[in-house]
Structure formats: C-alpha cells, structure tokens
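Below is one structure, written out as structure tokens; the observations come after it.
The values are calculated or read from the model by the stated rules, or taken from the named source; none is laboratory data. What you see is a predicted model, and the numbers here were worked out from it, not measured in a lab. Positions of Cβ are generated from backbone atoms using ideal geometry, with glycine treated the same way; all protein chains shown enter the neighbour counts. Areas reflect the complete protein model, heavy atoms only, side chains present, ligands, DNA and RNA absent. Shrake-Rupley method; radii C 1.70, N 1.55, O 1.52, S 1.80 Å.
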Amino acid sequence: MVATKLQEGLTECLKSLGGKRHIKSRWLVGGCQCLAKSLTLSRLEIEVGRASNSIGRLGEVIFEFTILRELRFVPAFLGDKWESVDYLVELADREQHGFFFVQVKSTAQALSNERFPSMPILSEKLESLFSYPAPTYIAFVDTNSRKVYLKAAMGRDRFTSNPPVELTPETSRTLEEEVSGYWSLVETSHLKSTFESKFG
Amino acid sequence: MRRKEHIEQLRAEAIAKVLLLSSAPDMLIEESRSDFADFVVRIPDSQARVGVEVKMRCNLPREKQRLLSVTNSFAPYEGRLPVLLVVVDGAEVDGKLALLANWGEDGLLEISMDAKLLPYSPELVRKYMDEVAVRFEAMKKLAS
C-alpha cells in the first residue's frame, strides 16, 4: 500500500520534472529517483518487518497457550536476546525434574500434517540447537488456525525430513513421556552431591 | 499460590495474550512488575499503555474484592495505567473483557468496577484500545 502510493507519487513527480531540458533538472530527476527508490525500499522493509514481528509474537503466545493447555508444562520465555532458543519448558510435575528447549517458527500460511511448506531455518541456528545437552524442538506455529507442530532437533544425522507432529492433548502426553524418559536416563543427583562449589 | 493454580494462571494469561494479539497484531506486550496488572500492552501507533489483569472465571468472586482494593489504591495518586480486565474460562481461547479504569478528563484514572464484562471480539479489543488512546492524547494536552 505504502509502496504503491510512493510509486504513484514518484511517477507524478517525474512527469512534472521530465519535460524540463535543463541539465540540473535531470540531476534533480535522478536524485528524486534514488531517494524515492530508497524510501520505497526502506518503508517496504519496515512494513514487512512489522508484519513479520507481529506474526512472530502471535506465534509465540499461541505456542505458550498450547504448551500450557493440559497443564503438563511450564514455559519460560527467554527473551529476544537469546540466539537460537525461545523457550525453556519445564515439566509441571516437579518429581520428574525434566526440561527442554524450543525454538518457535511462526507463519500465517496454512500448515497441516499433509501440507507442510518449508520454513527457512538458518543452518547455524540448527547447529546451535543440536548442541544443547537437553531435548530440543522446533515449534512451527500456524497463526491462522492456532495450531502448533513440533519437530525434534536432536542432531544433524537424526534431523529427518519427516513432517512435524501436531501438538494435541494426546501428543502432549507423548512429549511429556519422552522428555521425562530422557531425564530419567541422566542421573544427576550424585553429581550434585559430590560437586564442590567455591561459593558454598 | 500452589503450583497447579500458578500454571492455570499462566495459561489464562497466555489465552489473554492470544486474544489481544489476534485483535491488534501490532500491539506490544511488556511484562509488568506492578501488583495490579499481569502484563502491560502498548497500543499501536500511540504511546498509551494499558495494564491487563487476567482472571479465571472460577476465581472471579474471590478475586473481585482484592481487585477492587488494588485498583482503588492507585486512584488517589495520578494513577499509573488504565486497566483492562480479561476473564477467561478454562482452556478455551475465549473470554470476556471489561475496561476497569481509563483516563478521566482531569487526567486521573476513572475507576469503573461495575464495568460490564462483554464477550470477546476483536472489535471490542480495538474499541477499548481506541478509547484509551483518545483519552491518553487528551490527558497529554491537559498536561502540556
């Protein structure tokens, strides 16, 4: 909308200036073109950036609601400054002491188990996700249907092309079980009891 | 607050955020450190901000008295922020809203504890936000 209006304005401006033969007018025309082009681009970038931020923020709160829906998990938003993960999610059952990390990718495109358009994820971000010594997932959020799809990101060799799985009450239970299962294999209580801190 | 209640409250706040951001995508959500708002939203294209208090419907009768005392407590000193009450019910992305406090003509907050809770709609959210933004601009003029 803004870009179209700017282009129309520029066309009018050029029409009114284009008839003049004086060389300085041509410089002026060139200057106007450059200025208008950069203005159009920057306004466009701002508009695209705004829309993208809005979708991102909406996707994050949809993820928060979905992960909280069955009261199995407690998400903590890590803030925009974190490079590769958006949430640390703790199991609500404190006996289990488990947690996992999530990066949220949001789109206004329709997603479904059958139809899953590719969403770009920077390879360095993926590598960073793989390096976390805890279960790590990418949550794809369809902001229109408010559905969330999860895909594990546990390692490069295990990152398949299988489509992500929708987070429903049933798969939420599966998620709880697999995260709990992971942490039950990692027995850390003896590490803590023998850990010697200089801040004790 | 017990763990389960705490998680239910987090879920209620997430529902409120989904409702608000779905209605006005440019709205910015900020965390609140005050005791009368669970979070704060900044209205798009305005410097006005609104504190959002989120309640679960089942807790509303118990909470109303506390809410009344808290809301009243900030009225005497040139109040901090208008307050939007969002009441959600269970795990559905739906709810009811009431604008509990807004800027008055004298620049102080006007409390309306009898404000009727209305069913959520994107138009209702935008209407409330517009009301706050308009009053905020009037208050700024008054102050200058």
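Quick notes on this structure:
- For the range B:1-60, convex hull volume per residue from C-alpha positions, Å³: 88
- Theoretical FRET efficiency, 1/(1+(r/R0)^6), r = Cβ-Cβ of A:V165 and A:F195, R0 41 Å, to 0.05: 0.65
- Other protein chain C-beta atoms within 10 Å of residue C-beta, averaged over B:89-98: 1.
- Vicinal HN-Hα couplings computed from phi for the range A:82-87 (Karplus, 6.51 cos²θ - 1.76 cosθ + 1.60; Hz; Gly/Pro x): 6, 6, 10, 10, 9, 9
- Per residue of A:68-81, other chain Cβ atoms within 10 Å of the residue Cβ number 3 on average.
- Chain A packed on chain B takes about 1700 Å² of accessible surface away from a 1.4 Å probe, both sides summed.
- In the assembled protein chains, B:W103 presents an accessible area of approximately 20 Å² (probe radius 1.4 Å).
- Percentage relative contact order, the range A:100-200, counting C-alpha pairs under 8 Å, at least six apart: 25
- One chain, two ends: B:N59 and B:D26. Fully extended at 0.36 nm per residue, the span grows by 8.8 nm beyond their Cα-Cα distance.
- Scalar couplings 3J(HN,Hα) for the range A:124-129, obtained by applying the Karplus form with A = 6.51, B = -1.76, C = 1.60 to θ = phi - 60°, are 5, 5, 4, 4, 5, 4 Hz; x denotes Gly and Pro.
- Alpha carbon centroid spacing (whole Å) that separates the range B:90-144 from the range A:172-200: 46
- Accessible surface of the range A:122-194, 1.4 Å probe, proportion on carbon and sulfur as whole %: 54
- Net charge, A:M154 excluded, C-beta distance under 13 Å - Lys, Arg +1, Asp, Glu -1: 0
- Environment charge at A:W82 (Cβ cut-off 13 Å; Lys +1, Arg +1, Asp -1, Glu -1): -2
- Spin-label zone in the range A:75-109 - amide nitrogen under 19 Å from a point set 7 Å from the Cα of B:R3 along the C-beta vector: A:75-77, A:88-101
- The phi-based Karplus calculation (6.51 cos²θ - 1.76 cosθ + 1.60; θ = phi - 60°) puts the 3J(HN,Hα) values of the range B:97-110 at 10, 8, 8, 6, 8, 9, 5, x, 5, 8, x, 9, 7, 9 Hz, whole numbers, x for Gly and Pro.
- Close amide H pairs (under 5 Å, H built 1.01 Å from N) link A:K105 with A:A139, A:F140, A:V141, residues at least 5 positions away or on another chain.
- Peptide A:55-66 - average C-beta neighbours from other chains (10 Å radius): 5
- A:H190, B:H6, reordered so the largest accessible area comes first (probe 1.4 Å): A:H190, B:H6
- Computed E for B:D114/B:A138 - FRET, C-beta separation, R0 35 angstrom, nearest 0.05: 0.90
- Amide H contacts for B:G95 (H built 1.01 Å from N in the peptide plane; partners 5 or more residues away or on another chain; cut-off under 5 Å): B:Y120.
- With a cut-off of 18 Å on the backbone N, the residues of the range A:132-167 near the modelled label site 7 Å out from A:W82 along Cα-Cβ are A:132-141, A:149-155.
- Residues whose amide H falls under 5 Å from that of B:E110, counting only those 5 or more places apart or on a different chain, are B:N102, B:W103, B:G104, with hydrogens built in the peptide plane.
- Of the cross-linked pairs B:K96/B:K140; A:K81/A:K105; B:K17/B:K127, those separated by over 26 Å at the C-alpha level are B:K96/B:K140.
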